[in-house]
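Here's the structure, in structure tokens; my notes come after.
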Amino acid sequence: MEKLNQCAIDFIDIVLGQVKYKKAHRIIQEELQSHIEELTQLHISDGMSEDEAVKKAILKMGDPIAIGKQLHNTHKPKTEWSIVILLGAIVLFGLYVMFQYSQITTLSFNFERQILFVATGIILAVTLYFVDFVRFEKYSLPVYYSVCILLLSVIIFGTDTYGRTIIVVGKFSVTPSFAAIPFLLISYSGLIRRWCDGTPSNLFKLVVNSLLPLIIIFMEPSLMFACILGAGFAIMVTCGIFSKSFKGNRKKTLFILYGGLLGFILINLLYFITCEPYRFKRLIIFAEPWRDPLGSGWMNVMMHKIQSSSPFIGMSKELMISDTKQLILPCSETDCVFTFVVGRFGWLFGAVLLGLLGLIIVRLFMASNRVRNEYGRLLGVGICCVFSIQVIIHILANLNLFPMTGISLPFISYGGQSCVMNMALIGMLLGIYRRKDISFRQEEKSMKSLN
């Protein structure tokens, strides 16, 4: 037996010597040892001695160096380079837009500050790329409630600025709900894995725990962040319902889920109409901005004028006030940055920007779909939803197809927290994709041990 183990160890050591990804060594070692033991037992049953059976089993395995190289290619971390390239192109596009804005605006604008935001986001994304997020699944519940408690504490004790609670750190301010989104996605993916099994009691727990952070964020108040997160949660739960581990009635569960979501939306609309009529008025003005073109509908009217007068290439005649050469549209660097791009450079640049954003959204969803670990796939879907919903809302709002919400365009609009948070999300997704094969094998091994 000692010689048997030594022969197997020597063979496995040679194989592992070719596999550079150290975290895959344990799984590869267990798989090889199991295969060698199976072959050895087969040969022993044919009448061979143990020593001969081991040698023949190892001989049948093949060349250890060739096997090691093949396993190295299978298990080595994989980077989704198309996302990295598209992200780089979008970030450069955004920096160019902000540089052009700094050249024509008469307001105090710090372009170097935007470069600092981008650099910080890149460093964070690279750091998160090397994190194994699948390991966080077992901490989902404590992390989830900790984030909810912290959000509630910030709302109670935080600084109120223009009607919204923020955290002030030196010269920088952070919206708590925005900063909490990555942590909520990480933990909620684990809750779906835990409770999305088809039983009514667990479904109730899942719905209640999905509403809890949305209510807290709504109290901030941050309606659109709550909507973005809620939409992400709903799609993640839908993916969980269609997973292999779900044993209940899918149609009934989906009806309860989206029926409850629709009811929540209707209750909020009723609240706006009765308690916050100014929000309802904004919806009316959005539908008919020309009823008050010099008042509440002025922003929508000006965006329409700028876009309709924009050439294929070149600057719109409506973008700047002719007498003072000042930008006519406020928030051109944030909420209205897509309109600024079209007005400053023409519809060709706007189409290129839409193409880049559309491509990266498609590639993000494709990468998420290729993750074989269920927890990682759910987290990837949540990340894709949060990113893509921001893009869609901003573009539709600028095209007067959705009310103005204050949602920035990721990596294009000026600002730190949007850039850093979205860069972190994409870094997380790339990190999940990087370990998509090894995480799946770890999950398989865990499920076998439970069975």
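The values are calculated or read from the model by the stated rules, or taken from the named source; none is laboratory data. Since the model is a prediction, treat every value here as computed from it, not as a measurement. Using ideal geometry, Cβ is built from the backbone for each residue, glycine included, and neighbour counts are taken over all protein chains shown. Please note that ligands, DNA and RNA were not included when accessible areas were found on the heavy atoms of the full protein model with its side chains. Shrake-Rupley method; radii C 1.70, N 1.55, O 1.52, S 1.80 Å.
With the Cα gyration tensor of segment 259-379 giving a ≥ b ≥ c as the square roots of its eigenvalues, does the rule (a/c under 1.5 for rounded; else a/b larger than b/c for prolate; else oblate) give rounded, prolate or oblate? Kindly include the intermediate steps, with their values, before the conclusion.
Details: a/c = 3.33, a/b = 1.19, b/c = 2.80.
Judged from the Cα gyration tensor, segment 259-379 comes out oblate (a/c at least 1.5, b/c at or above a/b).
Stretched out fully, how many nm does the piece from I14 to F242 gain, at 0.36 nm a residue minus the Cα gap? All intermediate terms of the calculation are to be shown ahead of the outcome.
Details: separation 228, 0.36 × 228 = 82.08 nm, distance 4.22 nm.
Net length gain for the segment: 77.9 nm.
So for L348, L409, what's the accessible-area order with a 1.4 Å probe, most first? If you can, show how the numbers build up before the last one.
On the way: L348 60, L409 0 Å².
So, going from the largest accessible area down, we get L348, L409.
Going by the alpha-carbon gyration tensor, a ≥ b ≥ c the square roots of its eigenvalues, is segment 24-176 rounded (a/c under 1.5) or, if a/c is not under 1.5, prolate (a/b greater than b/c) versus oblate? Please list the in-between numbers first.
Numbers: a/c = 6.65, a/b = 2.28, b/c = 2.92.
Here segment 24-176 falls in the oblate category.
Take D63, D335 and sort them by solvent-accessible surface of the protein heavy atoms, 1.4 Å probe, largest at the top.
On the way: D63 85, D335 40 Å².
Accessible-area ranking of D63, D335, largest first: D63, D335.
Would you kindly calculate the translational diffusion coefficient of segment 180-336, applying Stokes-Einstein with the Kirkwood radius from alpha carbon pairs, for 20 °C and a viscosity of 1.002 mPa s, and quote it in µm² s⁻¹ without decimals? Intermediate values should be presented prior to the final figure.
On the way: Rh = 19.0 Å.
It diffuses with D of about 113 µm²/s by this estimate.
Here is the link list: K56/K76; K22/K244; K20/K76; K251/K436; K138/K252; K20/K56. Which ones come out longer than 19 Å on Cα distance? Mind showing how you got there, number by number?
Details: K56/K76 29 Å; K22/K244 31 Å; K20/K76 7 Å; K251/K436 30 Å; K138/K252 29 Å; K20/K56 28 Å.
Violating the 19 Å Cα-Cα cut-off are K56/K76; K22/K244; K251/K436; K138/K252; K20/K56.
Which whole-number percent of Cα pairs in the chain have a distance greater than 32 Å?
Details: 50609 of 101475 pairs.
Summing the P(r) of the chain above 32 Å gives 50 percent of all pairs.
Helices from the chain with mean Kyte-Doolittle at least 1.6 and a Cα length along the axis of 18 Å or more, per DSSP H: which? Please report the intermediate quantities before stating the final value.
Values: long enough: 2-17 (22 Å, 0.66); 25-45 (30 Å, -0.55); 81-104 (35 Å, 1.76); 111-129 (27 Å, 1.47); 140-157 (25 Å, 2.22); 176-195 (27 Å, 0.85); 200-219 (28 Å, 1.64); 223-241 (27 Å, 2.27); 250-275 (37 Å, 1.33); 347-369 (33 Å, 1.92); 374-398 (36 Å, 1.38); 416-434 (27 Å, 1.04); 436-450 (21 Å, -1.31).
Helices meeting the criterion: 81-104, 140-157, 200-219, 223-241, 347-369.
Mind checking the per residue accessible area of segment 301-346 for me, 1.4 Å probe, whole number of Å²?
Details: 1940 Å² over 46 residues.
That works out to 42 Å² per residue.
For n ≥ 4 DSSP H runs only, could you compute -39500 (n - 2.57) per run for the chain, divide by its residues and tell me the 222 nm figure to the nearest 500?
Values: 18 runs with 320 residues, N = 451.
Computed mean residue ellipticity for the chain: -24000 deg cm²/dmol.
How much accessible area does E52 have with a 1.4 Å probe, in Å² rounded to the nearest 10?
It works out to around 100 Å².
How large is Rg over Rh for segment 202-252, taking Rg from the Cα atoms and Rh as the Kirkwood inverse mean of 1/r across Cα pairs?
Working: Rg = 12.6 Å, Rh = 11.9 Å.
Value, to two decimals: 1.06.
Under a 1.4 Å probe, what is the accessible area of segment 134-268 per residue, stated in Å²?
On the way: 7060 Å² over 135 residues.
Dividing the accessible area of segment 134-268 by its residue count gives 52 Å².
For the chain, what % of the accessible area comes from carbon and sulfur atoms, probe 1.4 Å?
On the way: 14640 of 22590 Å².
Exposed carbon and sulfur together represent 65 percent of the surface.
Dipole of segment 165-271, Cα-centred, from +1 at each Lys and Arg C-beta and -1 at each Asp and Glu C-beta, to the nearest 20 debye? Write down the numbers at each step before the final one.
Numbers: 9 positive and 2 negative charges, 96 e Å.
The calculation lands at about 460 debye.
With a cut-off of 17 Å, note down the residues of segment 237-268 whose backbone N falls inside the zone around a label point 7 Å from the Cα of K205 toward its beta carbon.
Residues 237, 240-241, 245-248 qualify, since their backbone N sits under 17 Å from the label point.
Given the protein chains as shown and a 1.4 Å probe, how many square angstrom of W347 are accessible, to the nearest 10?
Near enough 80 Å² of accessible area.
From the residues M428, G230, A57, which one has its Cα farthest along the dipole of the chain in the positive direction, the dipole being from +1 and -1 charges on Cβ of Lys/Arg and Asp/Glu about the Cα centre?
The listed residue farthest towards the positive side: G230.
Report the one residue of W290, V97, P77 whose Cα lies farthest in the direction of the positive end of the charge dipole of the chain (charges on C-beta: Lys and Arg +1, Asp and Glu -1; origin at the Cα centre).
About the Cα centre, the residue reaching furthest to the positive side is W290.
Just want the answer: with Cβ charges of +1 for Lys and Arg and -1 for Asp and Glu, which residue in A397, L214, G248 is farthest toward the dipole's positive end in the chain?
Farthest towards the positive pole: A397.
Per residue, how much accessible area does segment 1-98 have with a 1.4 Å probe, in Å²? Don't jump to the answer; show the numbers that get you there.
Values: 5660 Å² over 98 residues.
Per residue, segment 1-98 has an accessible area of 58 Å².
Size of the dipole of segment 257-389 about the Cα centre, Lys and Arg at +1 and Asp and Glu at -1 on the beta carbon, nothing else charged, in debye to 20?
On the way: 12 positive and 8 negative charges, 72 e Å.
With only Lys, Arg, Asp and Glu charged at Cβ, the dipole is about 340 debye.
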